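J.: Encoded as structure tokens, here's the structure I'll be asking about.
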Amino acid sequence: MLGPESVAPEVVGIEQKKDVRLIMQEMNHTQYFKVQKEPELQVKDVLTAVYEALTEKGYNPVNQIVGYVMSGDPTYITNHRGARSMIMKVERDEILEELMENYIRVLESEKQV
């Protein structure tokens, strides 16, 4: 096997020049970096999971979720099953919006009965 020391100096110089030109060409182009997005959390799914975690731990889920929405204090939500970190990934106004939409939907369905 031939090492770099066994190649003629002018050949090594040509190869180095090619490498430098390739690097310079790459520096003149914008590189792209893509980060894979985490799957978007649905507020409904988060609320369901948090509700179940709170219930399993013996808390009143309505009181605890209201406490969190009103204050923004995540300690109203248990760490059980990752509920606290999950609920902190959605905005409180989105939680309120989801709750109100469901409440209004229930009211409208009761009117039709």
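Quick note: the coordinates plus some simple rules give every number you see, no bench work behind them. Values in this document were obtained by computation on a predicted structure and should not be read as measured data. Cβ placement follows ideal geometry from the backbone for every residue including glycine, while neighbour counts extend to all protein chains displayed.
J.: Determine whether the range 76-90 contains at least one residue that is surrounded by fewer than 11 Cβ atoms within 10 Å (Cβ to Cβ) and either farther than 17 Å from E40 by Cβ or hydrophobic (A, V, I, L, M, F, W, C) (or both).
T.: no
J.: Okay, next question. Quick check on my filter: what residues within the range 43-98 are over 22 Å from the mean Cα position of the chain (by Cα) and in a loop (DSSP other than H, G, I, E, B)?
T.: If the condition is that a residue be over 22 Å from the mean Cα position of the chain (by Cα) and in a loop (DSSP other than H, G, I, E, B), then K57, G58, Y59, N60 are the ones that fit.
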